[in-house]
Amino acid sequence: MKQDMIVILDLGSTENTVIAREIRDMGVYSEIHPHDITVDQLNSLENVKGIILNGGENRIVDGAAVDIDPAIYQCGYPIMAIDHPSAQCSQILDKLPGAEVLKEFVFGQCKAEPNWNMKNFIEDQVELIKRQVGDRKVLLALSGGVDSSVVAALLLKAIGNQLVCVHVNHGLMRKNESESVVEVFQNQLHANLIYVDAVERFLGKLENVADPEEKRKIIGGEFIRVFEEEARKLDGIDFLGQGTIYPDIIESGTKTAKMVKSHHNVGGLPEDLQFELVEPLKQLFKDEVRACGVELGLPHNMVYRQPFPGPGLGVRCLGAITRDRLEAVRESDAILREEFAKAGLDKKVWQYFTVVPDFKSVGVKNNARCFEYMVIIRAVNTIDAMCATIERVDWDVLQTVTDRILKEVENVNRVCYDMSPKPPATIEFE
Ligand code: XMP
């Protein structure tokens, strides 16, 4: 392995990612692991230079404080403890360390080298992927979003034509999106790509399902079924590649942190899954995934495209999905993207999309009462998707988007702008 590592053991802190980011920003790789990691698991990690025990408000689980295996103290690593501390550590703090204290621990006590960069990360991952996969084959869920595109490029680099990409059109894609996935990956990057039209199948399964978590689980579960069916048609597929990234794992809940929402590639997996997973991006934050894509040579517009959730427009057509509202989401989203691009906002705003709730409001069209849906516009900025602020969109741009939506999108008589930051609102509505 190229890079030194500081391991953060999560003893119930909500600030694990803050510390991991700070250490990575110093140029040293850092990974977060659960408090109950065994000595064997810890020793199987390469180039560990030190450990941070990170206690906090979620440390009490089922009435008892969680703790680490005491044998870890005998492993010889420098250990810094934050909050409920043990006397066996080299350094004990009652609050998060400041930058200087952290630096002294990482470089002074642990003697870590600042060798964390994307070039080394990719070399390490290529090595790990080759080791895991051997001469077998990986099936990859290629949605065409940033995460799955980067993981596709990484897997292509590691195992070439042992990678089989499957693009499932679940009917919840943005306008013309499936077509462009085929164009870029099949025609330009020459990846092994299978296109599956599963529109009717997904919409059928989702009929009358209003609960957001149930919708996500159905979409995630159905995804895996489609892959299994495709895999059965192929020879000897043992692995499923996934573009899981770190926020997906955190927000789906850990042993000491409550679930915010299950991400389709984490919480929605069926229990009888028949593949072993390959998830080389699962320790990366979103901005790091983009840097990885650039280093892999992916086109800038693919790497810097706005993120799109796995469940697609399904979580933006709120409540039970109906075809008329789904089309309203798709059409209004296309208008918003077109107008944002014209105004140069596509390069400035991190994520922007439209949402259609499952209720109607009264309006007037052609001098007559109408009772139709509303479109909500959301535009947010963030670095790592863990928190977000809203974009102060220029009024004229909003006006143009609104006029076009009201004129061009059927069944819509009202347009609203969402002013809520994350937290308390998540970026998506469901
Ligand atoms: P939230 O709504 O949790 O979204 O604030 C944070 C970021 O993640 C995207 N997102 C998802 N991505 N599968 C994904 O691959 C999902 O199930 C999913 N849900 C949300 C969201 O668009 C935002 O960029």
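The values are calculated or read from the model by the stated rules, or taken from the named source; none is laboratory data. The model shown is predicted, which means the values in this text are computed figures rather than measured ones. Note that we place each Cβ from the backbone using ideal geometry, even for glycine, and neighbour counts take in every protein chain shown. When the accessible area is computed, the model is the full protein with side chains, heavy atoms only, and any ligands, DNA or RNA have been set aside. Shrake-Rupley method; radii C 1.70, N 1.55, O 1.52, S 1.80 Å.
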Normalised contact order of the chain, rounded percent, pairs of Cα under 8 Å and 6 or more residues apart: 12 percent
For Arg174, solvent-accessible area (1.4 Å; no DNA, RNA or ligand), Å²: 20 Å²
Karplus-derived HN-Hα couplings along the range 150-162 (A = 6.51, B = -1.76, C = 1.60, θ = phi - 60°), whole Hz, x at Gly and Pro: 5, 5, 4, 5, 5, 5, 4, 5, 7, 10, x, 7, 7
The range 1-146, relative contact order [Cα under 8 Å, separation at least 6], %: 28 percent
Within the chain, helix-based [θ] at 222 nm, where runs of 4 or more DSSP H residues each add -39,500 (n - 2.57), nearest 500: -10000 deg cm²/dmol
Contour excess over end-to-end distance, with Cα ends at Lys233 and Thr14 and 0.36 nm allotted per residue: 74.4 nm
Test item: Cα-centred dipole of the chain, Lys/Arg +1 and Asp/Glu -1 on Cβ, debye: 940 debye
Percent breakdown of C-alpha pair distances by 10 Å bin, ordered from the shortest bin, for the chain: 4, 20, 28, 25, 16, 6, 1, 0, 0
Whole-number Å³ per residue for the convex hull built on Cα positions in the range 5-109: 90 Å³
Percent accessible area from carbon and sulfur atoms, the range 118-303, protein chains only, probe 1.4 Å: 48 percent
Inter-centroid distance (Cα atoms) of the range 163-223 relative to the range 366-397, Å: 25 Å
The range 316-417 - convex hull of the alpha-carbon atoms, volume per residue in Å³: 103 Å³
In Hz, Karplus ³J(HN,Hα) per residue of the range 396-411 (6.51, -1.76, 1.60; θ = phi - 60°; x = Gly, Pro): 5, 5, 4, 4, 4, 4, 4, 4, 5, 4, 5, 7, 9, 9, 6, 6
Per residue value of the accessible surface for the chain (all protein chains in place, 1.4 Å probe), Å²: 44 Å²
Cα-Cα pairs of the range 314-372 separated by more than 14 Å (percent): 63 percent
Nearest-10 value in Å² for the accessible area of Lys342, using the 1.4 Å probe: 140 Å²
Isotropically averaged projected area of the range 118-303, using the convex hull of Cα atoms (one quarter of hull area), nm²: 10.9 nm²
Carbon and sulfur %, accessible surface of the range 5-109 computed with the full protein complex present, 1.4 Å: 49 percent
